[in-house]
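Worksheet: one structure, shown below.
The values are calculated or read from the model by the stated rules, or taken from the named source; none is laboratory data. Because the structure is a prediction, the values reported are computed rather than measured. Ideal geometry is used to build each Cβ from the backbone, glycine not excepted, and the neighbour counts take in all protein chains shown. With ligands, DNA and RNA removed, areas are computed over all heavy atoms of the protein, side chains included. Shrake-Rupley method; radii C 1.70, N 1.55, O 1.52, S 1.80 Å.
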Amino acid sequence: MRVAIVGKGGVGKTTIAGTLARILARRGRKVLALDLDPNPGLGWSLGMAPTEVALPAGIAVHTEGLPRPLAWRLAEGTTAAAELERYAEPAPDGVTYLCPGKIWGASFLEEHSLFAVREIVRGTTEAGWDIVTDIDAATAVSCGRFLEFAEQLYVVTTPQRASAITARRLQDLLIAWPLTMLASMSQGEADHDGLTPSVRIPFDETVKDADRRGVP
């Protein structure tokens, strides 16, 4: 199972990703929770302190002259399994957590960190890994070079119209992946046209309270 959670900011992607990862792990699955949001919060949802340390340079190397998605590869002599062992962190319930780092101010996370994570995950071929990924709200990231590993995308909407606009844009752009619609914070509202969800996650005041207190 290799899934990515996508959608507009604020729809509950991080909470859903963290909860799904912990549920799978509690069922005895081998779970990698992957945070590809450059302002990471998945650590909170897993019950751990978020890291602000980016993966170091040198894991992935850049080849000039190639298109950006093809230009980054793991450095010679480096293996995905070894780097996963070195940089992934243990999280509650037996989840393994991997994050490229955090943005600082207006500057974006360095490319080498994001591509290092992509290459580590792409090279993680050991049988039995479930990968649950929290994706940046920007559609450019959702539709870009970091989703190659995903077998299924969960597109999250809320009752707000803005989330439906983003979901429809993702539908048009993510035509290469099977998409499953999730209705988050549902309180019995009518579904958005053309976005009938496979799952409705009810609004829960205790989830909002947990977010405020910074606990999973």
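Once fully extended, how much extra length lies between E148 and Q171, figured as 0.36 nm per residue of separation less the alpha-carbon to alpha-carbon distance?
On the way: separation 23, 0.36 × 23 = 8.28 nm, distance 1.65 nm.
Net length gain for the segment: 6.6 nm.
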Requested in this report: Determine the order of H62, H192 by accessible area, beginning with the largest, at a probe radius of 1.4 Å.
Outcome: H62, H192
Query raised in the report: For the chain, with every protein chain kept in place, what is the accessible area per residue (1.4 Å probe, Å²)?
Result: 49 Å²
Requested in this report: Using DSSP to define loop residues, name the trypsin sites (Lys or Arg not before Pro) in the stretch 1-44 whose beta-carbon has at most 12 other beta-carbon atoms within 10 Å.
Outcome: R27
Report task. For an R0 of 30 angstrom, estimate the FRET efficiency from the Cβ-Cβ distance between M1 and R200 and round to the nearest 0.05. Result -> 0.90
Query raised in the report: Which of the following values of Cα extents along the principal axes in Å was calculated from the structure shown: (i) 45, 43, 34; (ii) 64, 37, 29; (iii) 54, 38, 37?
Result: (iii)
Report task. Show D209, D37, D130 ordered by accessible area, largest first, where the area counts protein heavy atoms only and the probe is 1.4 Å. Result -> D209, D37, D130
Query raised in the report: Roughly what would the spin-label model give for T180 and D93, points 7 Å off Cα along C-beta, in nm?
Result: 1.5 nm
Query raised in the report: Hey, if we sort E64, E119 by accessible area with the 1.4 Å probe, largest down, what's the order?
Result: E64, E119
Requested in this report: Return the carbon/sulfur percentage of the accessible area of the chain, one whole number, probe 1.4 Å, all protein chains in place.
Outcome: 53 percent
Query raised in the report: Between R86 and T63, what FRET efficiency comes out of the Förster formula 1/(1 + (r/R0)^6) with R0 = 25 Å and r the beta carbon distance, rounded to 0.05?
Result: 0.60
Query raised in the report: Taking R0 as 35 Å, what's the FRET efficiency between R212 and I23 from their Cβ-Cβ distance, rounded to 0.05?
Result: 0.95
